[in-house]
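For reference, the structure is listed below as C-alpha cells.
FYI, it's all coordinate maths here, none of it is from the lab. Quick caveat: nothing in here was measured; it's all calculated off a predicted structure. Here Cβ is always computed from backbone atoms with ideal geometry, including for glycine, and neighbour counts include all displayed protein chains.
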Amino acid sequence: MRQRYLIALGSNQRHHRHGPPERVLAAALDALAQAGMKVEAAAPLIRSAPIGPSLRRYANGAVLVTSELMPDELLAVVKDIERQFGRRPGGQRWASRVLDLDIALWSGGAWSSPDLTVPHAAFRNRDFVLGPAAALAPRWRDPLTGLSLRQLKARLTRRARIRKRAVR
C-alpha cells in the first residue's frame with residue numbers, strides 16, 4: 001500500500017560535489033527519487049537562522065513523497081541518503097550539516113518506535129518546517145492536535161508576533 005510522507009529538508013554546508021545548500025537540497029530530492037520514492041511536490045526553499053551552535057544560515061524546504069515503505073523502513077532510507085551526503089551518526093546536536101532529512105508527517109497518522117516518532121516531535125514549533133510544509137499541504141492535519149498545517153503555521157506566527165511585542 002502506498003504511504004504518503006512529508007519530509008523536512010535542511011542544509012547549511014556546502015557539498016564538495018553538489019555545491020551550496022540550495023543545490024544540496026535539490027540533489028537530495030533526486031536521491032529520494034533514486035531510492036524509490038515518488039516525489040509528488042517540493043516546496044520553495046527558504047533561508048532560516050540556525051538553532052544551537054551553528055553560525056551558518058540554513059536552506060530549508062519540504063517534500064511530499066509516496067512510497068510502499070513503512071515509517072521505520074523510510075527512516076533507514078533517509079539516514080542512508082544523509083550518510084551518502086557526508087553526515088556521520090553521533091555528531092553534535094544542531095551542528096552544521098550538509099543534509100538533514102526529517103520525516104515530519106505520515107499518511108498513516110502517528111508512529112512510534114525507539115528510533116522514530118511521527119509526527120516529528122518539534123515540527124509544530126519550527127517555522128522553517130511549518131512554512132514549507134504548509135505551502136505544500138495546507139490542509140494536512142496533524143494526527144495529534146487535529147489542526148491543519150495552515151492552522152499550525154498561523155498559531156506559530158501569532159505566538160511569534162506576541163513575543164516580539166512583549167519584548168519591546
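Please give me, ordered by residue number, the trypsin sites (Lys or Arg not before Pro) of region 106-141 that lie in loop per DSSP and have at most 14 other Cβ atoms within 10 Å.
Working: sites: 124, 126, 139, 141; in loops: 126, 139.
Within region 106-141, the qualifying trypsin sites (Lys or Arg not before Pro) (loop, at most 14 other Cβ atoms within 10 Å) are 139.
Here's the picture: charge each Lys and Arg Cβ at +1 and each Asp and Glu Cβ at -1 in the chain, and of 41, 85, 145 the one pushed furthest to the positive end of that dipole is 145. Please report the spacing between the Cα centers of region 24-43 and region 97-134 in Å, no decimals. With region 24-43 and region 97-134 each reduced to a Cα centre, they are spaced 16 Å.
Electrostatic tally near residue 146: other residues with Cβ closer than 14 Å to its Cβ, Lys and Arg +1, Asp and Glu -1, net +4.
Think of the chain as a dipole: +1 on every Lys or Arg Cβ, -1 on every Asp or Glu Cβ, centred on the Cα centre; then among 157, 106, 24, 157 lies furthest on the positive end. Springs join every pair of Cα atoms under 10 Å in this Gaussian network model of the chain, and among 127, 102, 80 the largest mean-square fluctuation is at 80.
The packing ranking, built from the mean of other Cβ atoms within 10 Å per residue, places the peptides 109-116, 36-43 in the order 36-43, 109-116, highest first.
Other residues within the sphere of radius under 10 Å centred on the Cβ of residue 58, judged by their own Cβ, net out at +3 (K and R +1, D and E -1). In the neighborhood of residue 15, defined by Cβ-to-Cβ distances under 15 Å, what is the net charge if each Lys or Arg adds +1 and each Asp or Glu adds -1? Local net charge: +4.
Hey, any idea what the orientation-averaged projected area of the convex hull of the chain's Cα atoms comes to, in nm²? Provide the component values of the computation, followed by the final result.
Details: hull surface 40.1 nm².
Mean shadow area of the hull around the Cα atoms is 10.0 nm².
Taking other C-beta atoms within 10 angstrom as a stand-in for reagent exposure, 118, 77 fall in the order 77, 118, fewest first.
Counting Lys and Arg as +1 and Asp and Glu as -1, each charge on the Cβ, what is the dipole of the chain about the Cα centre in debye, to the nearest 20? Can you show the working numbers first?
Numbers: 29 positive and 13 negative charges, 255 e Å.
Charge dipole of the chain: 1220 debye, to the nearest 20.
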